[in-house]
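The values are calculated or read from the model by the stated rules, or taken from the named source; none is laboratory data. Quantities reported herein were computed from a predicted structural model and do not represent experimental measurements. Cβ placement follows ideal geometry from the backbone for every residue including glycine, while neighbour counts extend to all protein chains displayed.
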Amino acid sequence: MDSRGRAAFDPGSVANMGTTQALVSDVPTPAGLARLHLLAVAEPRALLLLGHGAGGGVEAPDLATLTRAAVEAAITVGLVEQPYRVAGRRSPAPAARLDEAFITVSGAARAEAAGTPLVVGGRSSGARVACRTAVTIGALGVVALAFPLHPPGRPDRSRLTELAEVAAAGLPCLVVQGERDTFGSAAELAGQAPKGVRVLTAPGGDHSLRRGLDAGQVTRWLDDLLGRAER
């Protein structure tokens, strides 16, 4: 790692990106040292900034699948590793600290991506962070993988307000939800989703989204979002 806190990144640790430029940067935040895994493409159409789940990391299978598809679609991807994970802990920080770190890393990612349009997202807890911070950091839209609508078996503890806030701000939102997700199935979420939130079903998928994720549908949604922004 050099004096800028940057090291060569092994693409195989997240996904097989071939010759795509990939860098890891440590980013100081109010919540501690975060880490940005940046997979940059030549002449990017957009920057897609993704956060990981509460107990997992940036190597999660669904994040890797979406990263590969986005890079192939000429979109630079930034994977945000939260400070608690960088420090070797598995228990997540409070929501406000997660949000602070994501907002700070978004600034570092934008500096690297030369002002390209920003879309935010993530899986599970990372999707919630993206929803809560999208307006603050000026994102064009949100991509949520396995949004945890409620804890398993506790539909009374709904987190739908976080999606509703995105919709109320007029930001397009795409949620990819497993058919068998115990944190809220695709059918359950689709029945409650606010206007402006599109729900895609991952057939046979659970909360991990190891099955059923069609990354092509996500990149087509991104194409449409970016096309509308350019008009």
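Cβ-Cβ contacts under 8 Å between residues 6 or more apart (or on different chains), taken from a first residue in the stretch 132-148 that is in contact (Cβ under 8 Å) with a residue 24 or more places away in the chain and of a type in the set (Ser, Thr, Tyr) to a second residue that is surrounded by fewer than 21 Cβ atoms within 10 Å (Cβ to Cβ) and in a strand (DSSP E or B), are absent. Cβ-Cβ contacts under 7 Å between residues 6 or more apart (or on different chains), taken from a first residue in the stretch 202-227 that is closer than 18 Å to Leu171 by Cβ to a second residue that is of a type in the set (Lys, Arg), are listed as Leu226/Arg45. The set of residues in the stretch 103-115 being in a loop (DSSP other than H, G, I, E, B) and crowded, with 20+ Cβ neighbours inside 10 Å consists of Ala113 alone.
Counting only strands (runs of 3 or more DSSP E) that fall entirely inside the stretch 1-85 and contain at least 3 residues that are modelled with pLDDT of 95 or more, the qualifying elements are 21-29, 32-40, 46-51, 75-81. The residues of the stretch 187-202 that are under 17 Å from Leu66 (Cβ atoms) and out of contact with any strand residue (DSSP E or B) (no Cβ under 6 Å at 6 or more places or on another chain) amount to a single one, Thr201. What about Ala73, is it touching an Asp or Glu at 6+ places or on another chain (Cβ under 8 Å), closer than 26 Å to Ala229 by Cβ and of a type outside the set (Lys, Arg)? The answer is yes for Ala73. Looking across the stretch 116-129, just one residue is under 15 Å from Leu39 (Cβ atoms) and in a loop (DSSP other than H, G, I, E, B), and that is Thr116. Scanning the stretch 186-204 for residues that are touching a Lys or Arg at 6+ places or on another chain (Cβ under 7 Å) and farther than 20 Å from Cys131 by Cβ turns up at least one hit.
A quick yes/no check of all residues on (1) over 16 Å from Leu50 (Cα atoms); (2) not hydrophobic (A, V, I, L, M, F, W, C):
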position	(1), (2)
Gly88	yes, yes
Glu100	no, yes
Thr104	no, yes
Glu112	no, yes
Ala130	no, no
Ile137	no, no
His150	yes, yes
